[in-house]
1. When you scan the stretch 121-141, do you find a residue that is under 18 Å from G187 (Cα atoms) and open to solvent by 40 Å² or more (accessible area, probe 1.4 Å), even just one?
2. Residue check: is R277 over 31 Å from the mean Cα position of the chain (by Cα), farther than 22 Å from H144 by Cα and open to solvent by 60 Å² or more (accessible area, probe 1.4 Å)?
3. Quick check, is L300 touching a residue at least 60 places away in the same chain (Cβ under 8 Å) and within 30 Å of E350 (Cβ to Cβ)?
4. Hey, can you tell me all the residues within the stretch 10-60 that are open to solvent by 40 Å² or more (accessible area, probe 1.4 Å) and among the aromatic types (F, W, Y)?
5. Scan the stretch 311-342 residue by residue and report those that are in contact with an Asp or Glu (Cβ under 8 Å, 6 or more places away or on another chain) and either open to solvent by 50 Å² or more (accessible area, probe 1.4 Å) or on the phi > 0 side of the Ramachandran plot (or both).
6. For the stretch 464-481, check the following and say yes or no: at least one residue is within 25 Å of the chain's Cα centre (by Cα) and surrounded by fewer than 23 Cβ atoms within 10 Å (Cβ to Cβ).
7. If you take the residues in the stretch 80-117 that are closer than 12 Å to A47 by Cα and touching a Ser or Thr at 6+ places or on another chain (Cβ under 7 Å), which one is surrounded by the fewest Cβ atoms within 10 Å (Cβ to Cβ)?
8. Which residue pairs have Cβ atoms under 9 Å apart, sit 6 or more places apart or on different chains, and have a first residue in the stretch 238-250 that is over 18 Å from A21 (Cα atoms) and a second that is part of a loop (DSSP other than H, G, I, E, B) and small (G, A, S)?
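The values are calculated or read from the model by the stated rules, or taken from the named source; none is laboratory data. Everything numeric in this text was worked out from a predicted model, so none of it was measured. When we count neighbours, we look across all protein chains shown, and the Cβ atoms used for this are built from the backbone with ideal geometry, even at glycine. Accessible surface is based on the protein model in full, side chains and every heavy atom, while ligands, DNA and RNA are left aside. Shrake-Rupley method; radii C 1.70, N 1.55, O 1.52, S 1.80 Å.
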Amino acid sequence: PGEKANDKIIILEDTDGDGRADKSTVFADGLYLPTGIELADGGCYVAQSPDVFFFKDTDGNDVADVKEVALTGFGIEDSHHSISAWRRGPGGWIYFQEGIFLHTQVETQYGVVRNFNGGVYQFNPRTQELRMFVRGTGGNPWGHVFDRWGQSFMVNNPRVVYLSSGSGASDSSKGAFSLISTEKQCGGDLATGMHLPEEIRGQLLTCRFKSRTVIRYEFTEDGAGFSANVLPPLIASKHPNFRPVDCKVGPDGAIYVADWYNSIINHAQHDFRDPRRDHEHGRIWRITHKDRPLVEKPALVGEPLGALLEQLKSPNAWTRHQARKELSERDPEEVLEASEAWVSTLNPAEPGYDGHLVEAMWACQNVECPSEAILKKVLSAKDGHARSAGARIIRYWHEALPDPVGMIATLARDPFPRARMEAVLSAGFIPSAESFVAALNVLDHDQDRFIDAALSQTVQALEPHWQPKLTNGELAFNKPEH
């Protein structure tokens, strides 16, 4: 009481390339418990419940001189559950999460978004639209990662949750599945990139702050979804102050671990003013492979569109992610035209061709310019993972597509179960009885819990459209058994 809040956002730089930060710049100060940050629009969005701020440096001195309130109305009942774990998704939306007990009511130009007891939000920085991605996740949702094909996983202390199957258009809180429940943990990233050894790539790295380890999980394909197994830790320490709370793969391919450096961490057992709490120290560890070269710094800022699109072929996820971000801040029509032209030059026999198509599709989504031409190529890809990514984007692009229902009808019969699941989920966003009928084609294949959950959400979301026609005998199903 009586103190003026002065939490900060700090830019740490390694200016001489020796792997250690040697420059520190306060980008913004005067903050009160900021809990999330993500780059977009030439600046960054910052969570500070009940608000989301937008900060931007316009004169090149790395100090924010623009501060705007982008959104307000997020829950404030419990700061350690408030909007956090911010991640920019492959399509350009920013995702962040909220935990149990909180009530949120955010007024936007598209309408009011309300939520209670946990959920994952998605925010479009280009259009300023806010949506619920998944509702009712509860708990302590302290981490969010996207795999190579855009599938979402959440670290929801102490569980690892598969989110995608619960991202339908209904208000149902069912459909996100806990893959494994172990120990309290937060933050995290997928191990990706050429610097890290192949045997750990694709694994989830997350931080067990109580047992002082950065643990590993492996995901295994399981029908339309996944299963998960816990693996030995990447790093562990007996030091009483080692408290890893987040880890990310950096631009050089190294793993960076944020260490809270505190002997007392819990809010229940100890007083907030306990003198043993350390308010002054923190560490960031950098973990590299001794025998593998680091990733060279890519040229991205100010590069021509063609060069940026070529970076979408990079085997390093960080490079592709930043290339998409750079593309998102260019002229939309020029990005659309360049992306379609780039796709026409790709060789279908080239390794990674289907992944390149998906990246081009996401580049168009980042600038809000749907490309039917690229989407059709994605939906014809040999790899079912690519087709599932294409099926998901229909939920965002359906108004610009000439026959989204026809696409759903075909994808709902796709031989790859995840493509069927994503088609059923996207159907719920197309407000018509015909979309419901198309989604029911999924019944012609084997079901699993992930597809069942997706279909339940779509049935509920489209009920105002199919129920009157069914009652009046006007609903034509593709098969009598549907």
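1. Scanning the stretch 121-141, I find no residue that is under 18 Å from G187 (Cα atoms) and open to solvent by 40 Å² or more (accessible area, probe 1.4 Å), so the answer is no.
2. Judged against the criteria, R277 is not a match.
3. No.
4. Residue satisfying the conditions is Y32 alone.
5. Scanning the stretch 311-342 gives K313, E329.
6. Taking every residue of the stretch 464-481 in turn, none turns out to be within 25 Å of the chain's Cα centre (by Cα) and surrounded by fewer than 23 Cβ atoms within 10 Å (Cβ to Cβ).
7. This residue is S82.
8. P240/S263; N241/S263; R243/S263; P244/S237
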